[in-house]
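The structure under discussion appears below in the form of C-alpha cells.
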Amino acid sequence: RKEVEQDPGPFNVPEGATVAFNCTYSNSASQSFFWYRQDCRKEPKLLMSVYSSGNEDGRFTAQLNRASQYISLLIRDSKLSDSATYLCVMTGRRALTFGSGTRLQVQP
Amino acid sequence: GAGVSQSPSNKVTEKGKDVELRCDPISGHTALYWYRQRLGQGLEFLIYFQGNSAPDKSGLPSDRFSAERTGESVSTLTIQRTQQEDSAVYLCASSPTPGTSGRAYTDTQYFGPGTRLTVL
C-alpha cells in the first residue's frame with residue numbers, strides 16, 4: 001500500500017464550481033501535512049499547510065482528520081487559474097512524502 | 001531574491017553514460033533535498049543534506065546514484081551508467097531550517113525548476 005493515496009483525476013469542473021479532493025495516508029506518525037500545487041511542467045509550490053482544526057485561505061479550505069487518516073482540500077468558486085495538479089504531502093520516514101497528485105481542470 | 005536554480009534544464013544522454021546535475025539552493029538555506037518525478041507520478045525522495053551532518057541517502061534507488069554538497073551551497077547529483085528508467089525530472093529543494101525533534105523535515109521546501117533527464 002502506498003504511503004499516500006490520491007485520486008489522480010482528472011476532475012473537470014466548470015468555473016465557479018466547488019470541488020473537493022481527499023487524500024489518505026498510512027503512516028500514523030506523520031506530523032505535518034500540506035497541499036502543494038504543481039502546474040504542468042513546473043516545480044511544486046506550497047499551497048497551504050493543513051491543521052486538525054482546519055484552515056482557510058481565501059477560496060481554499062484544508063482539513064485534517066487524524067482518526068481516519070485523511071486530509072482534504074476544498075476549492076470554492078473555482079477559477080481557470082486553479083487548473084493544476086494538487087499534491088498531498090506530509091512528513092514521513094524520509095523528508096516529505098508526496099502523493100501522486102490529483103489533476104484539476106477548470107473549464108470556461 | 002533568487003530562488004533555487006538547477007542546471008541543466010534539460011539533458012538528453014545515451015544509455016550507459018554518466019550525468020551530473022547541479023542545484024544551487026537559496027542562500028542561507030541549510031537543508032537541501034533531491035527528488036525524482038517520473039511522468040505522471042508523484043515525487044520520490046532521493047537524498048537529503050542538512051548542514052554538516054551526514055546526508056540521508058536512504059532514497060537513492062541504486063549505487064549508480066550519488067550526491068555531494070559543498071558546505072551549505074551547491075549540490076551535484078551524479079548518475080552513473082544511466083539506464084532508460086532513470087528518465088525523469090530531477091527536482092532539488094531547499095529549506096531554511098531543519099524540522100523539530102531533530103528530524104530532517106521542515107514545513108516549507110522551495111523547489112527549483114528541475115532538470116528533465118532523458119536517457120535514450
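For the range A:65-108, the square roots of the Cα gyration tensor eigenvalues, ordered a ≥ b ≥ c, give a/c of at least 1.5 with a/b no greater than b/c, which places it in the oblate category.
Summary of the geometry: the range A:1-37 and the range A:64-84, compared by the centres of their Cα atoms, lie 7 Å apart.
At a Cβ-Cβ separation cutoff of 4.7 angstrom, cysteine residues of the protein assembly as shown with no neighbouring cysteine are A:40.
Residue by residue along A:43-55, Cβ atoms of other protein chains within 10 Å of the local Cβ number 3 on average. The residues of the protein assembly as shown present an accessible area of 48 Å² per residue when probed at 1.4 Å with all protein chains retained. Cα-based values for the range B:1-65, radius of gyration first and Dmax second, are 13.4, 38 Å. A prolate overall shape is assigned to chain B, the ratio a/c of its alpha-carbon gyration tensor axes (a ≥ b ≥ c) being 1.5 or greater and a/b exceeding b/c. Within the protein assembly as shown, the ratio Rg/Rh, alpha carbon atoms throughout and Rh by Kirkwood, equals 0.97. Between chain A and chain B, the total buried accessible area stands at approximately 1600 Å², from heavy atoms with a 1.4 Å probe.
In terms of overall dimensions, chain A has a Cα radius of gyration and Dmax of 13.1, 41 angstrom.
Contact residues in the range B:26-57 (at least 20 Å² less accessible area with all protein chains than alone, 1.4 Å probe): B:35, B:37, B:42, B:43, B:45. Taking 26 Å as the limit for the C-alpha separation, the pairs A:2/B:15; A:2/B:11; A:2/A:79; A:45/B:15; A:2/B:17; A:2/A:42 exceed it in the case of A:2/B:15; A:2/B:11; A:2/A:79; A:45/B:15; A:2/B:17.
The values are calculated or read from the model by the stated rules, or taken from the named source; none is laboratory data. Small disclaimer: the values here were computed from a predicted structure and weren't measured. As a convention, Cβ positions derive from the backbone with ideal geometry for all residues, glycine included, and neighbour counts pool all protein chains shown. We work out accessible area using only protein heavy atoms, side chains counted, and drop any ligands, DNA or RNA first. Shrake-Rupley method; radii C 1.70, N 1.55, O 1.52, S 1.80 Å.
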